[in-house]
1. Heavy atoms only, probe 1.4 angstrom, no DNA, RNA or ligands counted: give me Lys246, Lys73, Lys194 ranked by accessible area, highest first.
2. Mind listing the phi-derived Karplus ³J(HN,Hα) values for the range 6-14, rounded to whole Hz, using 6.51, -1.76 and 1.60 with θ = phi - 60°, and x for any glycine or proline?
3. Asp196 to Asn46: FRET efficiency via 1/(1 + (r/R0)^6), r the Cβ-Cβ distance, R0 51 Å, to the nearest 0.05?
4. Once neighbouring chains are kept in place and the probe is 1.4 Å, which whole percent of the accessible area of the range 236-298 is contributed by carbon and sulfur?
5. Taking Cα pairs under 8 Å and at least six residues apart, what relative contact order does the range 204-265 come out at, in percent?
6. What residues have an amide H closer than 5 Å to that of Met115, excluding those fewer than 5 places away on the same chain, when H is modeled at 1.01 Å from N in the peptide plane?
7. Within 15 Å, Cβ to Cβ, of Arg15, how many net charges do the neighbouring residues add up to if Lys/Arg are +1 and Asp/Glu are -1?
8. What are the residues whose amide H is under 5 Å from the amide H of Tyr48, where those residues sit 5 or more places off or on another chain and H is modelled from the backbone?
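The values are calculated or read from the model by the stated rules, or taken from the named source; none is laboratory data. These numbers come from a predicted model, not from an experiment. No Cβ is skipped: glycine too gets one built from the backbone with ideal geometry, and neighbour counts run over all protein chains shown. Heads up: the accessible areas ignore ligands, DNA and RNA and are worked out on the full protein's heavy atoms, side chains in. Shrake-Rupley method; radii C 1.70, N 1.55, O 1.52, S 1.80 Å.
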Amino acid sequence: MVDVPQLVEQARQGRPRAVARLISLVEGASPQLREVMAALAPLTGNAYVVGLTGSPGVGKSTSTSALVTAYRKAGKRVGVLAVDPSSPFSGGALLGDRVRMSDHASDPGVYIRSMATRGHLGGLAWAAPQAIRVLDAAGCDVILVETVGVGQSEVEIAAQADTSVVLLAPGMGDGIQAAKAGILEIGDVYVVNKADRDGADATVRELNHMLGLGEARGPGDWRPPIVKTVAARAEGIDELLEALEKHRAWMEERGVLAERRHRRAAVEVETIAVTTLRERIGDLHGDRRLEALADRITGGELDPYAAADELVAGLTTSPPGEGP
């Protein structure tokens with residue numbers, strides 16, 4: 001068993017091993033996970049969470065690394081969650097992002113963690129919300145969450161970040177086609193990376209056009225800016241940092257930041273509750289309650305929806321095997 005209070009205290013002191021152990025407890029769905037989350041709860045709510053998303057090849061890892069450098073120059077402690085594809089053999093992260101961010105490996109003010117999707121769709125690992133909480137409690141001022149790069153379906157980051165950054169690059173083939181699936185509807189800031197390539201200005205024009213076709217914005221509403229960068233040379237990163245800080249200030253002024261964090265907490269609670277119910281239902285195979293409901297359905301006494309309602313009601317009042 002892990003000494004959770006001691007581990008949390010060590011994480012607060014900035015010890016990487018303690019942070020790593022806490023995130024491992026999260027990823028492994030440890031029996032002590034509830035104790036960990038209870039200990040972290042009073043210590044969270046201070047970090048600014050920035051999500052970076054976009055199709056593979058647009059330079060998310062390079063942009064993330066450049067942002068880490070910029071934030072460190074500003075004296076900020078930075079946490080990075082780089083969500084990598086899962087290995088088809090071990091189920092672990094392939095660690096590509098961690099390799100590309102090796103320049104920051106020796107900086108005690110930076111914590112980088114690769115997490116495997118483990119089959120979870122939407123560009124994020126299922127444990128990402130709790131891992132963000134660990135980094136927040138460990139004293140990170142900024143947490144950068146780089147998604148796996150699944151393309152058009154990669155919109156889940158909007159539910160986990162304070163500010164969502166959508167990256168595109170000229171000459172990527174489908175270009176702005178991602179708008180059809182919604183990835184361009186989630187951005188608070190848009191970045192056209194690799195802007196030294198031909199077609200960068202055309203991509204910016206297309207983006208402006210697409211944003212102009214979106215919802216009507218009233219006076220004072222946030223209009224997502226478009227920033228051109230060449231992240232490999234750190235060009236445009238200061239402008240990107242400025243856009244992020246402007247969006248944060250706008251959210252704080254209008255109460256949007258608190259609203260987003262409230263909504264994020266509600267989604268997290270819902271996800272945990274649904275997962276718990278799913279696990280309990282999975283334990284019901286062969287349970288007499290499930291068999292009794294199946295008998296009533298096949299006998300025409302009960303419809304499947306009513307049976308499901310009875311099952312859920314029973315699951316919330318007694319553990320499997322203790323029903324009537």
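1. Lys73, Lys246, Lys194
2. So the J values, rounded to whole Hz, are 5, 5, 5, 4, 5, 5, 4, 7, x.
3. 0.85
4. Working: 2290 of 4140 Å².
Here it works out to 55 percent.
5. On the way: 20 pairs, mean separation 11.9, N = 62.
Contact order relative to length: 19 percent.
6. Under 5 Å from the amide H of Met115 lie the amide H atoms of Ala82, Val83, Asp84, each far enough along the sequence or on another chain.
7. Details: positive: Arg12, Arg17, Arg21, Arg77, Arg113; negative: Asp3, Glu9, Asp107.
Neighbourhood net charge equals +2.
8. Val142, Ile143
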